[in-house]
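The values are calculated or read from the model by the stated rules, or taken from the named source; none is laboratory data. Because the structure is a prediction, the values reported are computed rather than measured. All Cβ positions, even for glycine, are placed from backbone atoms using ideal geometry, and neighbour counts span all protein chains on display. Just so you know, the surface numbers come from the protein's heavy atoms only, side chains and all, with ligands and any DNA or RNA stripped out. Shrake-Rupley method; radii C 1.70, N 1.55, O 1.52, S 1.80 Å.
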Amino acid sequence: MGLGYLIKRVLTMVPVFFAVVTLVFFTIRFAPGGPFDEERRVPPEILENLNKKYHLDEPLYQQYFRYLGALAHFDLGPSFKHSNRTVNEIIAEAFPISFELGTYALIWALIIGLLAGGLAAYKPNSLFDYVPMSISIAGICLPTFVIGPLSILLFGLWMEWLPVAGWDDWPSKVLPSLTLGFAYAAYVSRLTRGGLMEIRNQDFIRTARAKGLKESTILIKHSLRGGLLPVVSYLGPAFAGLLSGALVTETIFNIPGLGRFFIQSALNRDYTVVMGTALLYFTLIFVCNFIVDVLYVVLDPRVRYE
Amino acid sequence: MSNTLTTTMTGTDLSMDTNLKDETGGVSLWKDAFRRLLKNKMAVIGGTFLLLEILLAIATPWIAPYDFEAQNLELWVEAPSALHWFGTDTLGRDLFTRVLYGGRISLMVGILASLVSVAIGVTYGAISGYLGGRVDSLMMRIVDVLYALPFIFLVIILMVYFGRNIYLLFVALGMTQWLTMARIVRGQVISLKEKEFVQAATSMGVRKSTIIFKHLIPNCLGPVIVFMTLTVPTVILEEAFLSFLGLGVQAPMASWGTLISNGVEVMEIRSTVLLFPAMALGLTLFSLNFLGDGLRDALDPKGAKD
């Protein structure tokens, strides 16, 4: 089967991962400015000690190899800005929140998208088709940082249905996850509709219809598996998009997730946190694309990777 | 001897050229495509809106009612009025003027960064497709690998560490969007390079680079234009995303992303500060997407519509 292909893909990712580590490491280090130049000047002795503590006084290549060595043990190093905390601790704290947000968003996207898309394909060129498809265009065109504030304005401030910030009880999780999921719901609904419409005209569907099966049975039992292929292949890139969308969503709704940490640390020049979060993102995206490829083979027996 | 050969060859070449430009009274590809485009209502509306917007952007310095930096703290977030059509922002600046100037920046970034991505993608794809063989598979393998990387994170790191320079922004955003373009052009070139006019050029000893840039690339223009109209909104979005996070265009300049981010700060007090720039960005993205879809259908009538 495609096992050889899958192994080859994992292997090609190893040099890419190294390239990314190297690229990010040197980009950050060659740039002007450092984690300890703040408005309040640190006395030179303390600065020296700080640099020594974090090995910033060593030559760059030595730091690089030190980082690689630690990385081999999954140790992402200490944070420069949050004293006494390691990057691993920060990620362990922030990642579950981002993961939860992303999962809810994806669930929203699939529920809304599949329902709307299925309905549109079930009754094409009717109101059930036009209304959701028009809304979905808005979902595709409008970015998270427009939809987010608008939904805060509408549901949070004007109607006062839902809280507008934070991440603790479930009402506070509704708006952020809907905001993040909206664009994906839009894509999923269009892909579902497109996939189902294309499959309607295939021979095996005609056969099913000739057998006298109900239209809903045809849709659910026969069309869905093939019709969902475009949706599945979209999920890989969607996940990558969810991560970057989460940057904005977490900022807007003030959620202490990984995305907000990434932005803050980038601005603070907290080298190790930026590196650690960026590497985590790369790994996640690779894993997701990989899973999607495997799913693709499972769903469509015609697909073979060589 | 070789001289006469060249002249006759050039002669045939020229006649072929005029043939391409179509003086025979038939309908050329471009005229036909334009006719099809005009039938698509949404694309025409989108195109007209964009044309208007580009004209406004060019004329902004002359038609803007106020200076875009002129502050008047007594007019803190005023409501829209006859004097200030869109109201004023947090520093008492005229929002209509700010939206006009913001559009100038957003459109400029969108177009220039797209040109960067087209330049890279077309060159890369054409070289890969034309050379073929091992070079081609290596170049395409690189593209496959890069596809898996979330570029926006790299762009964020770049913008944070190397100053928020607007030229760097063009290049960084352009770098994120060339991959699909490279694939499209490669496919086109592979099908074109076996055609007679390329063989003729090769047999005349035309240099490879000339064949690529003079003969192959101009013939890939259709798909390139279509893809570019879809790249522009993506890039505008990415720029707005960066500006929203405070990493894009820097004060006193402002893009729509910056304006939206300012609007979010005061949306509880005066929602118009958020709504007007959001609307400007939204309408532009709608128009670009409609025009892009229309162009795709017009230039590639066989292509599937999703």
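The simple spin-label model puts a point 7 Å past each Cα toward its Cβ; for B:N165 and A:F290 those points are separated by 3.7 nm. Using θ = phi - 60° in the Karplus curve 6.51 cos²θ - 1.76 cosθ + 1.60, the 3J(HN,Hα) couplings for segment A:211-221 round to 5, x, 5, 5, 4, 5, 5, 4, 4, 6, 7 Hz; x is entered for Gly and Pro.
Per residue of A:281-289, other chain Cβ atoms within 10 Å of the residue Cβ number 2 on average. Amide H contacts of B:G92: B:N72, B:V77, each under 5 Å away and 5 or more positions distant or on a separate chain (H built 1.01 Å from N in the peptide plane; Pro and chain starts excluded). Note on A:K211: lysines with a C-alpha under 16 Å away, same-chain residues under 8 apart excluded, are A:K221.
By the Kirkwood approach, averaging reciprocal distances over each pair of separate Cα atoms, segment A:151-221 gets a hydrodynamic radius of 15.4 Å.
Hey, what number do you get for chain B at 222 nm if only DSSP H runs of n ≥ 4 count, each worth -39500 (n - 2.57), divided across all residues, to the nearest 500? Spell out each step's value before the answer.
Details: 12 runs with 213 residues, N = 306.
Taken over chain B, the calculation gives -23500 deg cm²/dmol.
Pairwise Cα distances in chain B exceed 37 Å for 30 percent of all pairs. 3J(HN,Hα) along segment B:254-264: 8, 9, 4, x, 4, 4, 4, 5, 5, x, 4 Hz, from the Karplus curve 6.51 cos²θ - 1.76 cosθ + 1.60 with θ = phi - 60°, whole Hz, x for Gly and Pro.
Karplus-derived 3J(HN,Hα) values for segment B:218-232, using 6.51 cos²θ - 1.76 cosθ + 1.60 with θ = phi - 60°, are x, 7, 9, 4, x, x, 5, 4, 4, 5, 5, 5, 8, 6, 3 Hz; glycine and proline are entered as x. Under a Gaussian network description of chain A, with springs only between Cα atoms under 10 Å, the residue in A:R206, A:R225, A:R190 that fluctuates furthest is A:R206.
Mean sequence separation of contacting Cα pairs (under 8 Å, at least six apart), scaled by the length of segment B:33-303, corresponds to a relative contact order of 28 percent.
The distance from the alpha carbon centre of segment B:202-273 to that of segment A:155-189 is 29 Å, rounded to a whole number. Mean projected area of the Cα convex hull of segment A:118-253, taken over all directions, amounts to 9.6 nm². Straight-distance candidates among the lysines for linking to B:K41, with alpha-carbon spacing under 25 Å and chain neighbours fewer than 8 residues away dropped: A:K123, B:K31, B:K302, B:K305.
When the convex hull of its Cα atoms is viewed from all sides, chain A shows a mean projected area of 20.6 nm².
Each helix, a run of at least 4 DSSP H residues, gives -39500 (n - 2.57); summed and divided by the residues of chain A, these come to -24000 deg cm²/dmol at 222 nm. Taking label points 7 Å from Cα along the Cα-to-Cβ direction, A:T12 and A:A70 give a separation of 3.2 nm. Here's how it looks for A:T86: its modeled amide H is under 5 Å from those of A:S79, which are all 5 or more places away or on a different chain.
Rounded to a whole number, what % of the accessible area of segment A:222-302 do carbon and sulfur atoms account for, probe 1.4 Å? Heavy-atom surface of segment A:222-302 belonging to carbon and sulfur, 1.4 Å probe: 68 percent.
In straight-distance terms, cross-link reach from B:K195 covers every one of the lysines whose alpha-carbon lies under 16 Å from its own, apart from those fewer than eight places away in the same chain; here that gives B:K208, B:K214.
Here is the tail figure for the protein assembly as shown: Cα pairs spaced more than 32 Å apart come to 56 percent of all pairs.
Taken as Cα centroids, segment A:243-258 and segment A:50-76 sit 29 Å apart, rounded to the nearest whole angstrom.
Loop-located GluC sites (Glu not before Pro) across segment A:143-245 with a Cβ neighbour count of 12 or fewer within 10 Å are A:E160, with loop assigned by DSSP.
How high is the relative contact order of segment A:16-142, in percent, with contacts defined as C-alpha pairs under 8 Å that are six or more residues apart? Numbers along the way, then the final one.
On the way: 42 pairs, mean separation 13.1, N = 127.
10 percent.
Counting charges near A:G245 (Lys, Arg +1; Asp, Glu -1) among other residues having Cβ under 15 Å from its Cβ returns a value of -2. Computed over chain A, relative contact order equals 23 percent, with contacts defined as Cα pairs under 8 Å that lie 6+ residues apart.
Just tell me how shielded B:237-246 is by partners: mean number of partner chain Cβ atoms within 10 Å of each residue's Cβ, no decimals. Write out the running numbers ahead of the final one.
Values: counts 6, 2, 0, 3, 7, 0, 1, 10, 8, 3.
Going residue by residue through B:237-246 and averaging, the value is 4.
Averaged over the residues of peptide A:241-249, the number of Cβ atoms from other protein chains lying within 10 Å of each residue's Cβ is 3.
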